[in-house]
Amino acid sequence: MRGANLVKGLARHPLHLPLTDATIGVYTAPTVVAFLSAVGISERNTATASWLALVLGLIVAGPTALTELIDWLGLKWDVAGHRPAERRTRRATRAGPEGCA
């Protein structure tokens with residue numbers, strides 16, 4: 001039970017959401033560092049910092065994808081194979097903007 005809570009998140013909050021933010025942030029860092037190097041603001045050790053950030057991004061991306069896959073596999077599907085959220089969206093779209101509740 002503890003392993004499932006660790007992978008699925010604590011207190012019913014999915015773990016993949018903060019991991020996704022961390023992955024995006026880690027992949028943004030090498031872009032910023034490369035831009036600073038190209039502009040000439042900072043040239044010292046920018047290549048090393050950029051590679052370290054990319055490697056860290058690859059390390060964080062694995063658990064992010066795994067936790068998202070586990071959450072996706074845990075979704076409840078209805079008889080037609082659609083998720084309940086899709087069914088609500090179709091119903092609201094069919095009713096038009098004034099029929100959304």
> Any idea which of ALA85, ALA80 is farther than 26 Å from PHE35 by Cα, at pLDDT below 85, part of a helix (DSSP H, G or I) and of a type outside the set (Asp, Glu)?
Replying inline: ALA85
> When the residues of the stretch 32-49 are filtered to those that are in a helix (DSSP H, G or I), in contact with a Ser or Thr (Cβ under 8 Å, 6 or more places away or on another chain) and not hydrophobic (A, V, I, L, M, F, W, C), which remaining residue is farthest from ASP21 (Cα to Cα)?
Replying inline: SER37
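Please specify each residue of the stretch 42-74 satisfying the condition of being among the acidic types (Asp, Glu) and out of contact with any His (no Cβ under 9 Å at 6 or more places or on another chain). Steps first, please.
First pass over the stretch 42-74, keeping only residues among the acidic types (Asp, Glu): 43, 68, 71.
Within the stretch 42-74, GLU43 is the sole residue that qualifies.
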> When the residues of the stretch 13-28 are filtered to those that are surrounded by 17 or more Cβ atoms within 10 Å (Cβ to Cβ) and part of a helix (DSSP H, G or I), which remaining residue is nearest to the chain's Cα centre (by Cα)?
Replying inline: THR20
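Any residue at all in the stretch 46-57 that's aromatic (Phe, Trp, Tyr), surrounded by 11 or more Cβ atoms within 10 Å (Cβ to Cβ) and at pLDDT 65 or above?
To start, the set of residues in the stretch 46-57 that are aromatic (Phe, Trp, Tyr) comprises 51.
Of the ones still in play, those that are also surrounded by 11 or more Cβ atoms within 10 Å (Cβ to Cβ) are 51.
Subsequent filtering for residues that are at pLDDT 65 or above retains 51.
Yes.
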> Which residue pairs have Cβ atoms under 8 Å apart, sit 6 or more places apart or on different chains, and have a first residue in the stretch 62-74 that is over 11 Å from THR20 (Cβ atoms) and a second that is among the hydrophobic types (A, V, I, L, M, F, W, C) and surrounded by 14 or more Cβ atoms within 10 Å (Cβ to Cβ)?
Replying inline: LEU66/VAL7; ILE70/VAL7
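The values are calculated or read from the model by the stated rules, or taken from the named source; none is laboratory data. Small disclaimer: the values here were computed from a predicted structure and weren't measured. Glycine also receives a Cβ, built like all others from the backbone with ideal geometry; neighbour counts cover every protein chain displayed.
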